[in-house]
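This report concerns only the one structure given below.
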């Protein structure tokens, strides 16, 4: 994720940043499991996961 100026920050960008940092802080072997779980929960709630999770790692 690129550095954003404070004026460019939106709730979606801040959410992206928080989720990305949280997942990156997990041990490598847990990251895919947590990402899959988040995707499943968001899908059930009909929230597009790609709007919250960075897919390219």
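Can you tell me which residues in segment 21-44 are in a loop (DSSP other than H, G, I, E, B) and either in contact with a helix residue (DSSP H, G or I) (Cβ under 8 Å, 6 or more places away or on another chain) or modelled with pLDDT under 85 (or both)?
Of everything in segment 21-44, just one residue is in a loop (DSSP other than H, G, I, E, B) and either in contact with a helix residue (DSSP H, G or I) (Cβ under 8 Å, 6 or more places away or on another chain) or modelled with pLDDT under 85 (or both), namely 26.
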Selection from segment 1-20 of residues surrounded by 10 or more Cβ atoms within 10 Å (Cβ to Cβ), part of a helix (DSSP H, G or I), over 8 Å from the mean Cα position of the chain (by Cα) and at pLDDT 85 or above yields 13, 14
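The values are calculated or read from the model by the stated rules, or taken from the named source; none is laboratory data. Treat the numbers as computed from the prediction; the structure is a model and nothing was measured. Every residue, glycine as well, gets a Cβ built from its backbone with ideal geometry; the counts of neighbours run over all protein chains shown.
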